[in-house]
Each structure stands twice: as C-alpha cells, then as structure tokens.
Amino acid sequence: MADTIAAISTASGAGAIGILRLSGPEALPIAYRHLSFFEGAFPLSSIKPRNAYTCRFVDGEKKLDQVVFIYFAGPNSFTGEDLCEIHTHGNPILLREALECLFRSGARPAKQGEFTKRAFLNGKIDLNEAEAIGRIIGARSRFELELAQKNAFGEISRLASNLRSQLISLKAECEAEIDFSTEDLTFESLEERKKRIRSISDICSNLLKRSSDTETLLERSRVVLYGEPNTGKSSLMNLILGRDRSIISEIPGTTRDYISEDFLLSGVPIRLIDTAGVRETGDKIEKMGIERSEKEFSQADVRLFVIDVSQKNDWDKFAEENRSKLEGAIVAANKSDIRDQSWDSQFILKKNYPGTVLVEVSCKSKQGLDTLVSEISTKLQGLESSEDYVLLEERNRFHFSSITRSLENCLTLIEEGAPAEIYIKEIDSALEQIGEVNGRVDTEEILGRIFSKFCVGK
C-alpha cells in the first residue's frame, strides 16, 4: 500500500496517555518531521527499531508535548509495514492537534479497522485472528474475553486447518479412485469413506451447536427468583439491582407476571427475573402468572429459590416436596433477622442435594446480600468456564453450515449410488468453504464488512 495512514489509537476522552499511530512507507519520515530530540541534532538514520525515545512533539517552532516515540520497521510490525507510535499525554485536544500535524505532513486519516486490515493483507494475522481482536476490544464480560483470546491465539484457525487437511485427504482418495479405476489397486471401501465424511460433518455440526450455546450465554445469563408469595422476591430483586424495580406489598400475589431487568453483575451481562409467587389459587390471571414462573425457573441459567424463614414450617417436608427445584439452586433464606424457631439452616445439607447452596439473607438489614451476589457470580463463572463453549463469528457460522450441507449431500449421493466423479464436487464445495474460514477471500466487500466494526485507530 503506497499511502501512509494515521489515527489516534487510544479510547476517546481524557487519560494519562494517548497514542498516535502511523503505518505505511512514509511513517518514519512523517513522524520525524515533528520530533525534536533532547540530544540536539539527531539524524533520521540514527533511529533504531523497537527503541523508545523521549523527545518533544513540535509543530514548526511550537512545542506541543513531551512524548515517547517508538519505530517498528516492517515487516516486523503489527501491520507488516513501517509503523510508528507516538505516546503523548492523553488530552483529546492535544491528540487531535498532533494528529492534524501528521495529516499536514502527508499522512491520511485511517479508516475503521484499517491497521488490522493491513496486518491481515500483509499476512501478519489471518481473518479469524483479526475478528478476534475486535472481540477482545469490545468484550462485555470475562467469558467473552477468554473466548476471544483463544481465537486470537489461533484456535479456530487450527481447527479449520485440521478439517481442511482431512478434506484434502478425502478428495485425494476419491481422485485416485477416479484416475486409476482401471488399475489393479485397492481403495478404501464406501463404508469407510462414508464414515470419514460423517466424522468431518459431525465435527462441524458440533461446532455450530457449541457456538449457538455460546451466543445464548453471551447475550445474557438468566437469573430467576422463584418462591411462594411474600417470601421477599421483589425486595431481593430491588436490592440486587440497587434501585426499586419491582412493586413491594404485603398483599400476597402482588406480582402477577414476571418482571425482568438487564444489567451487569460482576462484569457479566445477566437478565434478572422476578416471578409471580407460587401457590394454589383459583384466580385465573394469577394462575397464568404462576405457570410462567414455573417455565422461567425451569429455563434459568441460575435458579434463586427464595424462602421465608420467619414462618413456622416443617423444613424436612418442604425439602422433599421441592426436591427437583432445590437441586442445583441457590436458596435465599430471607427474613433471617426474624427467623422462626422452627428454622433449620442445615435442612439442605441433610438432603445432600448436588450443587445446592444456602445463603441466609435479610432484605431489611441487607445481611448476607454480598454473600448472595458472590454465590450468583460463582454460579455464572461455573457456567462460563466450560471448555465446551466456542466463539464463532457470523461469517464462520455460515461457512461451517455450508460445509455440513455439502457433506450431507455427498453422503446422500453415495447412498444413491452416484459415482465418485459426481459426489467429489460436494467435497470440492466443502473445501472451498473451509478455505474461506481462515481468510481466503478476494472480495473487498467482505473485508470491508469485517473491518468496519473496528475503531479508527485499530
């Protein structure tokens, strides 16, 4: 690329440090025009790659800032081109003024994602790694960040390369059979070939399922509050949110339908849902609300069973009647500040329900609230730390779906008795799609769609 681009690479707003970035054949000469070294005369040829220089950034005779300057010589840089970074103080006005100086000296404004796009076009990263960089920057939770980091370090690329190798081997076997069908040679049986095709297809199908599960979890984890009327579910929801969201009343059955609110809990996007109190009722509308409560609770990622320990109760009997709902749930024993003598804090431990946690809380005194929030976070982290999750961009979901369809078509043709000359075309189609996964793309439209999601300085 003949032109040199420049942009601010740090986030907007004031900060301790701001970074200007240039990339292209004239990156070093353009930056050098605005650097005044403390050593006095310091020729351009004296600047060594990957060394940090403390100097002044100047606009003619005007001194703008004291900066740190670093030069990365291509191809040993992020973009694969000559690349310069100028670290200034992070005042947005100062950064903009310095950037304008670079523009006047010959650089042009970088487009969104253009630095990363140049890295891809120069073979420094593949398309999966480029997309992962965008995810790392915009990750909304630790879970999403970890998945993006795995992709940035080549997990999807390695998987695609392995599948491509298997497909090439499969195609080679088919082509050998076509080319040497008249020779006295032994080839794999059709059953062995179908088994290989199914194996590759199953890998792609499994990958798509794991990706779908991941997207569901990334979108929001559902935390559902469940229990009988007047146990304090609405009060607990308001406390967790830190504001009044649910209506609180001493009248049983105040909440007739579920109420939901989206927010971040310890950096994880969740949907907190307050459901209607569960009880026997003849009220048709309340009954509909209870049915919805049961459904929401059964589909929850984290189930929060709220009980009222201020009321006299046979807790052993309660545990037996609610065994399926208590297993794996967080039990919030509310009103613990006015607990009844019948309350037995060990009733869960006695039953040895797997994964069940009990936390004594008081919505009135806020006792136990921090512990409860911590237990919810732990449950969410348990969901999120699974190695079964994989992050696929929409582009790759399309390609892996296409591969699965081609291989299923291939199996159908084999079952129908089609010759290898016919069904090998479906293997060719699958090979073409797997090539696209790692970035064998030629159209500017596809690249533009990917890199337009990036910020300007990236």
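The values are calculated or read from the model by the stated rules, or taken from the named source; none is laboratory data. The structure displayed is predicted, hence computed values, not measured ones. Positions of Cβ are backbone-derived with ideal geometry, glycine not excepted, and every protein chain shown enters the neighbour counts. Ligands, DNA and RNA are stripped out before the accessible areas are found, and what is left, the full protein with its side chains, is counted by its heavy atoms. Shrake-Rupley method; radii C 1.70, N 1.55, O 1.52, S 1.80 Å.
Take Leu207 and tell me if it is crowded, with 17+ Cβ neighbours inside 10 Å, under 17 Å from Val390 (Cα atoms), out of contact with any strand residue (DSSP E or B) (no Cβ under 6 Å at 6 or more places or on another chain) and not β-branched (Val, Ile, Thr). Spell out how you get there, then give the answer.
On the way: crowded, with 17+ Cβ neighbours inside 10 Å: yes; under 17 Å from Val390 (Cα atoms): yes; out of contact with any strand residue (DSSP E or B) (no Cβ under 6 Å at 6 or more places or on another chain): yes; not β-branched (Val, Ile, Thr): yes.
Here the answer is yes, as Leu207 does meet what is asked.
How about the stretch 85-133: which of its residues are open to solvent by less than 40 Å² (accessible area, probe 1.4 Å) and outside any helix (DSSP H, G or I)?
The answer is Glu85, Ile86, Thr88, Gly90, Ser105, Ala107, Ala110, Gly113, Ile125, Asp126.
Name the one entry in Leu349, Leu407 that is open to solvent by less than 50 Å² (accessible area, probe 1.4 Å) and either without any contact (Cβ under 8 Å) to a residue 12 or more places away in the chain or touching a Ser or Thr at 6+ places or on another chain (Cβ under 6 Å) (or both).
On the way: Leu349 fails: open to solvent by less than 50 Å² (accessible area, probe 1.4 Å).
Every option except Leu407 fails the conditions.
Out of the residues in the stretch 306-328 that are open to solvent by less than 10 Å² (accessible area, probe 1.4 Å) and outside any helix (DSSP H, G or I), which is nearest to Ala276 (Cα to Cα)?
Among residues in the stretch 306-328 that are open to solvent by less than 10 Å² (accessible area, probe 1.4 Å) and outside any helix (DSSP H, G or I), the one nearest to Ala276 (Cα to Cα) is Val306.
Just name the residue that is least open to solvent (accessible area, probe 1.4 Å) out of those in the stretch 364-393 that are at pLDDT below 85 and over 30 Å from Glu129 (Cβ atoms).
Selected residue: Ser377.
Specify the residue that is modelled with the lowest pLDDT; the eligible residues are those in the stretch 332-363 that are outside any loop (DSSP other than H, G, I, E, B) and out of contact with any helix residue (DSSP H, G or I) (no Cβ under 8 Å at 6 or more places or on another chain). Show your work before the answer.
Narrowing the stretch 332-363 to residues outside any loop (DSSP other than H, G, I, E, B): 332-334, 336-338, 347-351, 357-360.
Applying the additional criterion that residues be out of contact with any helix residue (DSSP H, G or I) (no Cβ under 8 Å at 6 or more places or on another chain) yields 333, 336-338, 349.
Numbers: Ala333: 91, Ser336: 90, Asp337: 90, Ile338: 91, Leu349: 72.
If we take residues in the stretch 332-363 being outside any loop (DSSP other than H, G, I, E, B) and out of contact with any helix residue (DSSP H, G or I) (no Cβ under 8 Å at 6 or more places or on another chain), then Leu349 is modelled with the lowest pLDDT.
Taking the stated definitions as given, is Ser77 at negative phi, part of a loop (DSSP other than H, G, I, E, B) and touching a Leu at 6+ places or on another chain (Cβ under 6 Å)?
Numbers: at negative phi: yes; part of a loop (DSSP other than H, G, I, E, B): yes; touching a Leu at 6+ places or on another chain (Cβ under 6 Å): yes.
Against the criterion (at negative phi, part of a loop (DSSP other than H, G, I, E, B) and touching a Leu at 6+ places or on another chain (Cβ under 6 Å)), Ser77 qualifies.
Of all residues in the stretch 416-442, count the ones that are part of a helix (DSSP H, G or I) and touching a helix residue (DSSP H, G or I) at 6+ places or on another chain (Cβ under 8 Å). Steps first, answer last, please.
If we filter the stretch 416-442 for residues that are part of a helix (DSSP H, G or I), which is where we start, we get 420-437.
Right, trim to touching a helix residue (DSSP H, G or I) at 6+ places or on another chain (Cβ under 8 Å) and you get 420-424, 426-431, 433-437.
Number satisfying all stated conditions: 16.
Determine whether Ala6 is more than 14 Å from Leu94 (Cα to Cα) and outside any strand (DSSP E or B). Before you say what the answer is, go through the steps one by one.
Working: more than 14 Å from Leu94 (Cα to Cα): yes; outside any strand (DSSP E or B): no.
It is false that Ala6 is more than 14 Å from Leu94 (Cα to Cα) and outside any strand (DSSP E or B).
Among the residues of the stretch 21-59, write down those that are open to solvent by less than 40 Å² (accessible area, probe 1.4 Å), closer than 18 Å to Ala73 by Cβ and in a strand (DSSP E or B).
Arg21, Leu22, Ser23, Leu35, Tyr53
Select from the stretch 260-285 the residues that are at pLDDT below 65, among the β-branched types (Val, Ile, Thr) and not in a loop (DSSP other than H, G, I, E, B) and list them in ascending order. Write out each step before concluding.
Kept after step one, since they are at pLDDT below 65, are these residues of the stretch 260-285: 267, 279-285.
The next check asks that each one be among the β-branched types (Val, Ile, Thr); those that pass are 281, 285.
Result: Ile285, single match.
Do we find a residue being modelled with pLDDT of 95 or more and touching a helix residue (DSSP H, G or I) at 6+ places or on another chain (Cβ under 7 Å) anywhere in the stretch 120-127? Even if it seems obvious, please write down each step before you answer.
Our first condition is that a residue be modelled with pLDDT of 95 or more; within the stretch 120-127, this holds for none.
Within the stretch 120-127 (the criterion being modelled with pLDDT of 95 or more and touching a helix residue (DSSP H, G or I) at 6+ places or on another chain (Cβ under 7 Å)), the answer is no, since none of the residues qualifies.
Tell me the residue from Leu22, Leu44 that is at pLDDT 95 or above and not polar (S, T, N, Q), please.
Numbers: Leu44 fails: at pLDDT 95 or above.
Going through Leu22, Leu44 in turn, the sole match is Leu22.
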